[in-house]
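Undergrad: Just passing along the structure, written as structure tokens.
Quick note: the coordinates plus some simple rules give every number you see, no bench work behind them. Nothing here was measured: the structure is a model prediction, and the numbers come from that model. Here Cβ is always computed from backbone atoms with ideal geometry, including for glycine, and neighbour counts include all displayed protein chains.
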Amino acid sequence: MKGNADVGDGGKITAGFDLSYLLAKKSKLLASAPWGPEEINQFTRVSDLGLRWKHTAFVSYRKGNWSYQLNQLYRTGYVDNVLPGVLNGTVHPPQWSPTVKAYNVFGLSVSYRGLKNVTVVAGIKNLFNTHPPFSAAYDGNLGVGADWEPRVADPRDRSYTLRLDYRFR
């Protein structure tokens, strides 16, 4: 969903929102097997995590050669992986919780189009330096995760971007 409106000062505001709302997610190991239990907001080892709610949103303002954009990425929380030692009660990790918190990050960018055929874009990813929520999803085969879920969150802290676009005409 996207819309825009002219502003009285000659500028234009544009906003957009992409939403994913999952109604059901089940799996089966074999084609002949029955469907398993509901997997919405439940950790699974295979495929994508079935997060009920995910969205990205942005709002931008443009006037003349300048434009500014604020964006948001949101992923709902879910029931985490339970490691064997936690399950049988022999291990008690200090950060472990049965649920992984929601992941919510913002970005900000500014663009300049005042040079012939050139656009310069500078930005900040993860504006508020949000760390991914703790998850026990470590994948011993691939070594990804360690304390965050790579299918949901990005472990990089705040970062800065600079992009130069040139159009050949």
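Undergrad: In a shell of Cβ-Cβ distance under 15 Å around I40, excluding I40 itself, what net charge do Lys and Arg (+1) and Asp and Glu (-1) give? Can you show the working numbers first?
TA: Details: positive: K25, K26, R52, K54, R75, R151; negative: E38, E39, D48, D80.
Net charge in that neighbourhood comes out at +2.
Undergrad: Which one, T119, N129, N81, projects farthest toward the positive side of the charge dipole computed for the chain from Cβ point charges (K/R +1, D/E -1)?
TA: Value: T119.
Undergrad: Using the structure shown, select from K2/K125; K2/K26; K28/K54 the pairs with a Cα to Cα distance greater than 29 angstrom. Spell out each step's value before the answer.
TA: Details: K2/K125 22 Å; K2/K26 31 Å; K28/K54 24 Å.
Correct reply: K2/K26.
Undergrad: Among H55, M1, P37, which residue has its Cα furthest toward the positive end of the charge dipole of the chain, with +1 on Lys/Arg Cβ and -1 on Asp/Glu Cβ?
TA: M1
Undergrad: For S135, S159, what ranking results if the residue with the fewest other Cβ atoms within 10 Å of its Cβ goes first?
TA: Details: S135 28, S159 12.
So the ranking, lowest neighbour count to highest, is S159, S135.
Undergrad: Additional query: For W96 and S32, FRET efficiency with R0 = 30 Å and r from the beta-carbon atoms, rounded to 0.05?
TA: Result of the calculation: an efficiency of 0.25.
Undergrad: OK, next. Using 0.36 nm times the number of residues separating L108 and D48, minus their current alpha carbon distance, what extension gain do you get?
TA: Full extension of this stretch gives 18.8 nm more.
Undergrad: Right, another one. Taking the Cβ of N126 as the centre, find all other residues whose Cβ is under 14 Å away and add up their charges (Lys, Arg: +1; Asp, Glu: -1).
TA: On the way: positive: R75, K125, R156, R158; negative: D154, D157.
Within the 14 Å Cβ shell, the charges total +2.
Undergrad: Using every Cα-Cα pair within the stretch 42-112, state what percent have a distance larger than 19 Å.
TA: Details: 1401 of 2485 pairs.
That tail contains 56 percent of the Cα-Cα pairs.
Undergrad: Stretched out fully, how many nm does the piece from T56 to F17 gain, at 0.36 nm a residue minus the Cα gap? Can you show the working numbers first?
TA: Details: separation 39, 0.36 × 39 = 14.04 nm, distance 0.59 nm.
Extra length from T56 to F17 when fully extended: 13.5 nm.
Undergrad: With Cα extents along the principal axes in Å as the read-out, I listed (1) 64, 35, 33; (2) 51, 41, 33; (3) 95, 36, 21; which label goes with the value calculated from this structure?
TA: Of the listed options (1) 64, 35, 33; (2) 51, 41, 33; (3) 95, 36, 21, (1) comes from this structure.
Undergrad: Ok, one more. Can you give the net charge of the other residues whose Cβ lies under 15 Å from the Cβ of G3, counting K and R as +1 and D and E as -1? If you can, show how the numbers build up before the last one.
TA: Details: positive: K2, K12, R62; negative: D6, D18.
Here the charged neighbours net out to +1.
Undergrad: So for the chain, averaging the separation of alpha carbon pairs under 8 Å that are six or more residues apart and normalising by length, what relative contact order in percent results?
TA: Working: 349 pairs, mean separation 27.1, N = 169.
Relative contact order comes out at 16 percent.
Undergrad: While we're looking at this one, here's another question. Work out the length of the dipole vector of the chain about its Cα centre, built from +1 on the beta-carbon of each Lys and Arg and -1 on the beta-carbon of each Asp and Glu, and round it to the nearest 20 debye. The partial results should precede the final answer.
TA: Numbers: 21 positive and 13 negative charges, 162 e Å.
Result for the chain is approximately 780 debye, rounded to the nearest 20.
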